[in-house]
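The values are calculated or read from the model by the stated rules, or taken from the named source; none is laboratory data. Quantities reported herein were computed from a predicted structural model and do not represent experimental measurements. Cβ: placed from backbone, ideal geometry, glycine included. Neighbour counts: every protein chain shown.
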Amino acid sequence: MARKKAEPSGSERPDIAWPLADAKAKFSELIDRVEREGPQVVTKHGREVAVVVPIDEWRRKTQRQGSFAEFMAVSPLRGLGIEVERIDLELRDVDL
């Protein structure tokens with residue numbers, strides 16, 4: 001399989017890129033590597049187009065963490081004395 005090194009641009013970036021034809025032909029091997037080694041990049045015409053990640057990692061990174069109110073309560077901007085001006089907009093009827 002003709003795999004090449006992906007160009008580094010982040011700390012969580014996978015080391016190996018799978019050309020799309022190889023990813024399709026060896027899908028089971030791709031999935032095995034995802035389970036063993038973590039995320040795998042898929043390329044198309046030399047351009048990175050997708051990443052296959054373990055489902056646990058996907059769920060962990062996409063799961064909502066708390067409510068908006070909780071986020072605001074721990075904001076580093078809280079207590080800095082930032083004043084927010086409220087603007088009342090005039091509402092009018094619009095014919096569509």
Close pairs (6 angstrom Cβ cut-off, 6 or more residues apart or separate chains): farther than 18 Å from GLY46 by Cα in the range 22-36, buried (at least 17 other Cβ atoms within 10 Å of the Cβ) anywhere: ARG33/GLN40; VAL34/GLN40; VAL34/VAL52
Residues satisfying the stated conditions in the range 37-91, i.e. at pLDDT below 90 and among the aliphatic types (A, V, I, L, M): ALA69, MET72, ALA73, VAL74, LEU77, LEU80, ILE82, VAL84, ILE87, LEU89, LEU91
For SER75: the one exception among (1) surrounded by fewer than 12 Cβ atoms within 10 Å (Cβ to Cβ); (2) touching a strand residue (DSSP E or B) at 6+ places or on another chain (Cβ under 6 Å); (3) among the small types (Gly, Ala, Ser): (2)
Of all residues making up the range 50-69, the number that are more than 11 Å from the chain's Cα centre (by Cα), within 23 Å of LYS24 (Cα to Cα) and part of a helix (DSSP H, G or I): 2
